[in-house]
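A quick write-up on the structure given underneath.
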Amino acid sequence: MRLEDVAEELNVKLPQVRALVKSGELPAIQIGGRGMWRVERVELENYIQQRYAQAREEIASDSEI
């Protein structure tokens, strides 16, 4: 998936997706010499599942919701 597609899927801005890729939080590969980045759908799904798990842990440890 293009980074623009990932941003749309997550309903966030493109710079936020770029930051996730740069930090290594969202694995991506660079294709070609023009700086085109791609994220495999399975990597995006893994990222989403990790965020759900993190949210569950935060909810379980914090009673102020």
*Once both labels are modelled 7 Å past Cα along the beta-carbon direction, what's the ALA53-GLU25 spacing in nm?*
1.6
*Want the number for MET1 to GLU45: 0.36 nm per residue separation, take away the alpha-carbon distance, what's left?*
14.7 nm
*Hey, of (i) 3, 14, 9, 11, 10, 11, 12, 14, 12, 3, 0; (ii) 4, 19, 34, 26, 14, 2; (iii) 4, 16, 25, 22, 13, 10, 6, 3, 1, 1, which did the structure itself give for P(r) over Cα pairs in 5 Å bins from 0, in percent when calculated?*
(iii)
*Taking the Cα centre of the chain as origin, work out the dipole magnitude from +1 charges on Lys and Arg Cβ and -1 charges on Asp and Glu Cβ, in debye rounded to 20.*
440
*Using a 1.4 Å probe over the heavy atoms of the protein chains, calculate the carbon and sulfur portion of the accessible area of the chain as a whole percent.*
48
*Please work out the average accessible area per residue across the chain, using the 1.4 Å probe convention, and give it in Å².*
79
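The values are calculated or read from the model by the stated rules, or taken from the named source; none is laboratory data. Small disclaimer: the values here were computed from a predicted structure and weren't measured. Because the Cβ atoms are built from the backbone with ideal geometry, glycine has one as well, and the counts that use them run over all protein chains shown. Ligands, DNA and RNA are stripped out before the accessible areas are found, and what is left, the full protein with its side chains, is counted by its heavy atoms. Shrake-Rupley method; radii C 1.70, N 1.55, O 1.52, S 1.80 Å.
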